[in-house]
Amino acid sequence: IGMIRFTPWEAVVVAADVAVKSANVEIGFMDRFSGALIILGGLSQVMTAIEEVVKYFRDELHFDVCKIHKS
């Protein structure tokens, strides 16, 4: 399970699109009103999806991004 929180909250729609196009993952939950996104899949696939989302937001959209934490 991968969890991401976005501000502005509308960005969650873009993130979900990037995630499912970059790895074999499913959207477990997406709330465009709070900016919450939960990604489901195998560990390596979820990590790939999250890394690609962060990379896209940092490099293409020029957002400030946080480090990825794995627990």
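The values are calculated or read from the model by the stated rules, or taken from the named source; none is laboratory data. Note that this is a predicted model, so its numbers are computed, not measured. Counting neighbours? That spans all protein chains shown, and the Cβs are built from the backbone with ideal geometry, glycine included. Ligands, DNA and RNA are stripped out before the accessible areas are found, and what is left, the full protein with its side chains, is counted by its heavy atoms. Shrake-Rupley method; radii C 1.70, N 1.55, O 1.52, S 1.80 Å.
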For this session: Of all residues in segment 29-50, count the ones that are closer than 14 Å to ASP17 by Cα and without any contact (Cβ under 8 Å) to a residue 24 or more places away in the chain.
Result: 4
For this session: Of the conditions (1) open to solvent by less than 80 Å² (accessible area, probe 1.4 Å); (2) under 9 Å from the mean Cα position of the chain (by Cα); (3) of a type in the set (A, V, I, L, M, F, W, C), MET3 clears all except one; give me its number.
Result: (1)
Seminar exercise, completed: Picked from segment 23-71 (must be polar (S, T, N, Q) and closer than 16 Å to ILE1 by Cα), the residue modelled with the lowest pLDDT is SER71
Exercise. In this structure, does ILE50 turn out to be of a type outside the set (Asp, Glu), open to solvent by less than 100 Å² (accessible area, probe 1.4 Å) and not in a helix (DSSP H, G or I)?
Worked result: no
Problem set entry | Residue that is nearest to the chain's Cα centre (by Cα), among those in segment 53-71 that are of a type in the set (Phe, Trp, Tyr) and open to solvent by less than 80 Å² (accessible area, probe 1.4 Å) | PHE57
Seminar exercise, completed: Here the residues within segment 23-37 that are loosely packed, with under 15 Cβ neighbours inside 10 Å and not small (Gly, Ala, Ser) are ASN24, GLU26, PHE29, ASP31, ARG32, PHE33
